[in-house]
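Encoded as structure tokens, the structure appears first; notes follow it.
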Amino acid sequence: MKTAEIKRRWLEFFESKGHTVVPSASVISNDPSILFNIAGMVQFIPYLSGDVPAPYPRATSVQKCVRTADIEEVGKTTRHGTFFQMNGNFSFGDYFKREAIQFAWELLSTPEDKGGLGFDPERLWVTVHREDEASIELWLEETDIPRERIQSRGNEDNFWHTGQPGPGGYCSEIYFDRGPDYGVEGGPEADEDRYIEIWNLVFMEFELSEVRSKTDFDIKGELPAKNIDTGMGLERVAFLKQGVENMYEVDEVFPVIKAAADMAGISYGDDEEDDVRLRVVADHVRSALVIIGDGVRPGNEGRGYILRRLLRRSIRAMRLLGVKDEVLPSLLPVSRDAMKESYPELEKDFKRISQVAYAEERAFLRTLESGTQLLENSVAEISRGGTLSGDVAFALHDTHGFPIDLTMEMAEEAGVKVDREGFEALMKEQRTRAKADAKAKKGGLQTDLSAFAALREGGPSEFVGYDALVADSTVRGLVADGASVPVARAGETVDAVLDLTPFYAESGGQTSDIGIFVGDGFKARVHDVQNPVAGLAAHRIEILEGELEAGASLSAQVDSEHRYQAQQAHSATHMIHAALREVLGETATQAGSLNQPGYLRFDYSYPEAMTAQMRAEVEEAANLAVRNNFEVGYEYMSYEDAKKSGATALFGEKYPEIVRVVDIGGLWSRELCGGTHVKSTAEIGPISLYSESSVGSGTRRVEASVGLDAIRSLSKERAIVQALSDLLKVPGPEVFDRVGGLLGRIKEAEKTIAQLERDKVLAGAGEAAQDAQTVGDVRFVGVNLGEAGGGDVRTFAQDVKQRLGDTASVVAAFGAAGGRPTVVVAVSPAAQELGFKAGDLVKTATGVLGGGGGGKPDLAQGGGQDASKIDEAIAAVRRELQERG
Ligand code: SER
């Protein structure tokens with residue numbers, strides 16, 4: 001009997017008994033204290049507790065349920081499925097124990113050809129609660145079951161509650177005996193593998209006030225009405241009816257086992273360990289299909305985390321079976337086909353469901369690759385039975401997004417334990433640090449980071465961008481002006497934190513990615529990405545259209561051209577660093593860098609400027625590495641191992657225990673780096689080192705253009721040479737000599753011009769002597785020679801004095817080469833005898849010009865500030881001569 005048929009018979013039977021058929025609720029529970037619906041009764045809790053009057057006295061349903069508390073048991077036992085369906089019949093203050101027992105017996109024992117489930121009544125067993133003697137009587141009255149197949153048990157087995165305060169009650173369970181091949185005689189008390197529980201009748205009559213555990217709870221009192229809540233495990237009945245060994249082999253699950261075995265090239269049933277893995281795969285793939293179908297997306301918290309864990313566990317199980325490629329594109333459609341008769345919506349919505357699942361698988365495979373390497377390296381150093389340190393577990397979680405359960409499972413497979421306490425302590429430390437960080441930054445000039453710190457508590461925002469540039473993701477939170485906001489609308493700019501992101505946040509010198517977010521009815525531009533607290537990427541987005549809510553799904557799309565060029569520059573920076581060390585020696589260590597599309601800047605410690613020769617060598621070494629098309633590889637290792645392997649790190653930087661080492665051409669360039677890089681160096685294209693300068697003592701800076709930008713800047717320079725060549729009418733290579741020659745000639749010409757100027761000035765001396773005026777007792781020449789320099793002014797003054805012969809004469813000549821005034825005063829012997837001294841007169845002049853000077857009585861020279869005052873200075877000298885005459 002197919003599963004869908006059992007379901008059909010169930011609903012039909014209870015409908016015929018006056019029950020309203022209620023469709024399954026979503027697997028997502030409405031009750032905030034429960035993540036998923038774990039039983040058929042959850043959607044009816046308000047009616048069972050009496051909080052809301054029931055719209056019908058009797059109801060029946062087949063509910064989709066998810067329980068993951070026993071996830072480790074999946075595949076190992078016959079009956080632990082993370083997804084299962086529960087058939088239920090419910091009475092809200094209507095019938096009670098008697099009818100519930102009677103209905104159950106009738107449906108189970110009615111032969112298949114009469115529309116029942118056709119269980120052999122001889123093989124049915126029943127349990128009741130020890131304190132519920134009355135039920136034993138009812139079983140004996142209403143059915144053919146003999147007293148010896150009724151067993152009494154305690155709270156552990158025969159009291160049912162949800163685990164939360166609310167309705168609860170004694171229950172009576174029905175078991176099917178699979179026969180002596182499956183275990184010992186003695187009923188369910190003796191062996192629950194041989195005797196399989198198929199149906200639980202809960203007699204809900206109590207209200208629980210506190211529930212501490214399955215057996216430890218407080219009863220507050222009786223419910224307003226006595227209710228019935230029953231649950232039959234559909235998969236359990238199916239496996240018994242289909243004559244298979246366990247719930248994973250039923251018609252709705254087994255096809256995935258078959259497909260997975262085919263992929264792995266093995267046969268189901270050959271090896272118990274492999275079989276367990278195949279069952280895990282089939283169970284988890286089906287659960288994920290249904291959970292995504294009901295709208296959950298993979299994430300780091302709550303339901304999203306459970307979904308992520310199911311998907312990751314199934315992918316891991318396939319890897320352990322030797323399948324390393326993507327598996328979901330092959331398995332998910334098989335699960336859909338097996339389930340579509342019961343859930344046609346899974347087929348209709350498959351495109352969306354599969355996109356979510358496949359994106360998660362791709363992201364996980366990338367994570368697995370890097371994390372597995374680290375885990376394997378670490379485990380290799382530990383002997384069997386040893387313990388993996390909390391540090392490594394933390395690094396796996398923090399850097400690689402490995403959930404702790406995954407680390408524990410993988411470690412366990414290698415026979416190694418995990419220091420869970422150490423891990424938890426580091427997690428706690430990180431939370432405290434993030435909070436302290438946020439607190440320290442509060443109130444200062446920095447933004448308040450507490451909203452980001454709170455989001456960080458949900459784990460790191462996983463970076464999937466080493467390979468992927470597009471990823472489906474979920475908005476974990478939106479932050480505007482330091483506060484969480486539920487929604488952002490068109491025109492607003494906010495910071496968005498995603499569960500996982502392909503966007504690189506600015507760090508290690510590499511500029512952040514830019515790009516877009518698109519989703520249902522909205523679009524946003526990503527302008528910048530930063531890590532406001534470690535491990536959390538905040539995308540600064542501007543909403544272009546529609547609105548974006550926290551919790552929404554979106555497609556995060558990195559501008560691939562921008563990223564490509566940024567990583568060209570980043571890899572080129574590593575190469576310039578290696579080249580500098582090659583040419584200048586090991587002491588040329590990195591002091592800082594910036595990589596953005598088309599451009600790199602690299603600061604390094606070095607006491608002096610590079611010669612042109614060195615610059616050319618560095619550029620050549622870097623470009624040679626491009627030409628050699630070195631592979632760019634990366635590896636995760638401990639910081640100590642990285643240092644030992646010769647990797648360079650930034651001095652004074654704090655590195656985590658586990659670091660990423662990027663190497664180019666093997667040992668040629670090995671650096672600690674979390675950035676993104678080209679796959680091989682030929683992708684970079686040319687690196688053009690165009691500048692070398694000083695940035696403070698002992699630190700130098702080189703700048704280079706990279707890739708197409710290098711070509712563009714080189715081509716600009718070529719155009720300049722071409723223009724010069726045209727202008728000078730010589731071939732390009734001769735431009736330098738030609739310009740050198742021209743410069744020489746210009747210099748010569750300038751010299752000649754200066755001489756001519758001088759000659760011209762001096763030629764004016766005769767005329768000036770003739771124009772001498774009598775001022776007081778002397779002949780006076782006061783003249784402004786314009787641009788003439790000090791030497792010429794002096795020659796001129798002496799020349800004029802000479803020409804005036806034996807007369808008592810005073811010559812005051814001024815010039816202003818370069819705008820700075822000079823004055824030379826020459827006094828003839830006769831004038832000196834009259835008491836005039838050149839030095840005094842110069843002082844008179846420089847007093848006006850705003851300067852000073854001095855000399856001998858016959859010749860003195862001075863300077864000043866203000867050339868515009870030369871005429872005034874001449875007048876002052878003249879006045880002095882007049883007054884003293
Ligand atoms: N609530 C009970 C169970 O889950 C019966 O439906 O077993």
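Considering the conditions (1) among the small types (Gly, Ala, Ser); (2) touching a Phe, Trp or Tyr at 6+ places or on another chain (Cβ under 7 Å); (3) at pLDDT below 90, residue 465 is excluded by exactly one of them, (3). Among all positions in the stretch 735-745, there is no residue which is over 25 Å from residue 875 (Cα atoms) and not in a helix (DSSP H, G or I). Those strands (runs of 3 or more DSSP E) of the stretch 597-703 in which 2 or more residues are touching a Cys at 6+ places or on another chain (Cβ under 9 Å) occupy 658-664.
Residue 353 meets all of the listed conditions (1) in contact with a Phe, Trp or Tyr (Cβ under 9 Å, 6 or more places away or on another chain); (2) in a helix (DSSP H, G or I); (3) modelled with pLDDT under 95 but one, namely (1). Count of the stretch 155-175 residues, restricted to those that are small (Gly, Ala, Ser), more than 10 Å from the ligand (Cβ to nearest atom) and either surrounded by fewer than 19 Cβ atoms within 10 Å (Cβ to Cβ) or closer than 22 Å to residue 189 by Cβ (or both), is 2. Of all residues in the stretch 843-885, those satisfying the criterion of being part of a strand (DSSP E or B), buried (at least 20 other Cβ atoms within 10 Å of the Cβ) and not hydrophobic (A, V, I, L, M, F, W, C) are 853, 861, 862. Somewhere in the stretch 654-674, is a residue within 30 Å of residue 426 (Cα to Cα), free of Cβ contacts under 8 Å to residues at least 12 places away in the same chain and surrounded by fewer than 16 Cβ atoms within 10 Å (Cβ to Cβ)? Scanning the stretch 654-674, I find at least one residue that is within 30 Å of residue 426 (Cα to Cα), free of Cβ contacts under 8 Å to residues at least 12 places away in the same chain and surrounded by fewer than 16 Cβ atoms within 10 Å (Cβ to Cβ), so the answer is yes. Only residues that are assigned to a helix (DSSP H, G or I), farther than 19 Å from residue 202 by Cβ and either among the small types (Gly, Ala, Ser) or within 15 Å of the ligand (Cβ to nearest atom) (or both) were counted across the stretch 1-36, and they come to 2. Tallying residues that are modelled with pLDDT of 90 or more and not in a loop (DSSP other than H, G, I, E, B) within the stretch 53-72 yields 9. The single condition from (1) more than 50 Å from the chain's Cα centre (by Cα); (2) more than 16 Å from the ligand (Cβ to nearest atom); (3) charged (D, E, K, R); (4) more than 13 Å from residue 78 (Cα to Cα) that residue 226 fails is (2).
Taking the stretch 550-589 as the range and being among the β-branched types (Val, Ile, Thr), surrounded by fewer than 20 Cβ atoms within 10 Å (Cβ to Cβ) and in contact with an Asp or Glu (Cβ under 7 Å, 6 or more places away or on another chain) as the test, only 583 passes.
Scanning the stretch 161-198 for residues that are under 17 Å from residue 232 (Cα atoms) and among the aliphatic types (A, V, I, L, M) yields 174, 196, 198.
On inspection, residue 91 fails the criterion of being at pLDDT below 95 and either under 30 Å from residue 284 (Cα atoms) or within 14 Å of the ligand (Cβ to nearest atom) (or both). Per the listing 66, 74, 42, 62, the residue uniquely under 22 Å from residue 293 (Cα atoms), away from the ligand (no atom under 13 Å from the Cβ) and among the aliphatic types (A, V, I, L, M) is 74. Within the stretch 460-495, the set of residues being under 21 Å from residue 300 (Cα atoms) and among the β-branched types (Val, Ile, Thr) comprises 464, 470, 474, 475, 479, 485, 487. Examine the stretch 616-633 for a residue that is in contact with an Asp or Glu (Cβ under 8 Å, 6 or more places away or on another chain), in contact (Cβ under 8 Å) with a residue 12 or more places away in the chain, exposed (fewer than 14 other Cβ atoms within 10 Å of the Cβ) and not small (Gly, Ala, Ser), and state whether such a residue exists. Scanning the stretch 616-633 turns up no residue that is in contact with an Asp or Glu (Cβ under 8 Å, 6 or more places away or on another chain), in contact (Cβ under 8 Å) with a residue 12 or more places away in the chain, exposed (fewer than 14 other Cβ atoms within 10 Å of the Cβ) and not small (Gly, Ala, Ser). The set of residues from the stretch 299-332 being of a type outside the set (D, E, K, R) and either over 23 Å from residue 254 (Cβ atoms) or in contact with a Cys (Cβ under 9 Å, 6 or more places away or on another chain) (or both) comprises 299, 300, 302, 304, 305, 306. Between a first residue in the stretch 88-100 that is assigned to a helix (DSSP H, G or I) and a second residue that is away from the ligand (no atom under 14 Å from the Cβ), which pairs have beta carbons less than 7 Å apart while being 6 or more apart in sequence or on different chains? The qualifying pairs are 97/135; 97/138; 98/138; 98/142. Going through (1) closer than 16 Å to residue 678 by Cβ; (2) modelled with pLDDT of 95 or more; (3) assigned to a strand (DSSP E or B) one by one, residue 539 falls short only on (1). Tell me yes or no: at least one residue of the stretch 747-761 is in a loop (DSSP other than H, G, I, E, B) and surrounded by 10 or more Cβ atoms within 10 Å (Cβ to Cβ). No, the stretch 747-761 contains no residue that is in a loop (DSSP other than H, G, I, E, B) and surrounded by 10 or more Cβ atoms within 10 Å (Cβ to Cβ). Taking each residue of the stretch 720-741 that is polar (S, T, N, Q) and looking for partners that are surrounded by 10 or more Cβ atoms within 10 Å (Cβ to Cβ) with beta-carbon atoms closer than 6 Å, six or more apart or interchain, yields 725/732; 725/735. If the condition is being part of a strand (DSSP E or B) and either within 16 Å of the ligand (Cβ to nearest atom) or not basic (Lys, Arg) (or both), then the stretch 209-223 contributes 209, 210, 211, 217, 218, 219, 221, 222, 223.
Name the single residue that is surrounded by the most Cβ atoms within 10 Å (Cβ to Cβ) among those in the stretch 37-52 being in a loop (DSSP other than H, G, I, E, B) and of a type outside the set (Val, Ile, Thr). Restricting to residues being in a loop (DSSP other than H, G, I, E, B) and of a type outside the set (Val, Ile, Thr), the top hit is 37.
Selection of the stretch 469-493 for residues being assigned to a loop (DSSP other than H, G, I, E, B) and under 14 Å from the mean Cα position of the chain (by Cα) yields only 469.
The values are calculated or read from the model by the stated rules, or taken from the named source; none is laboratory data. A quick note: this is a predicted structure, and the numbers were derived from the prediction, not measured. Heads up, the Cβs are rebuilt from the backbone with ideal geometry, glycines too, and the neighbour counts pull from every protein chain shown.
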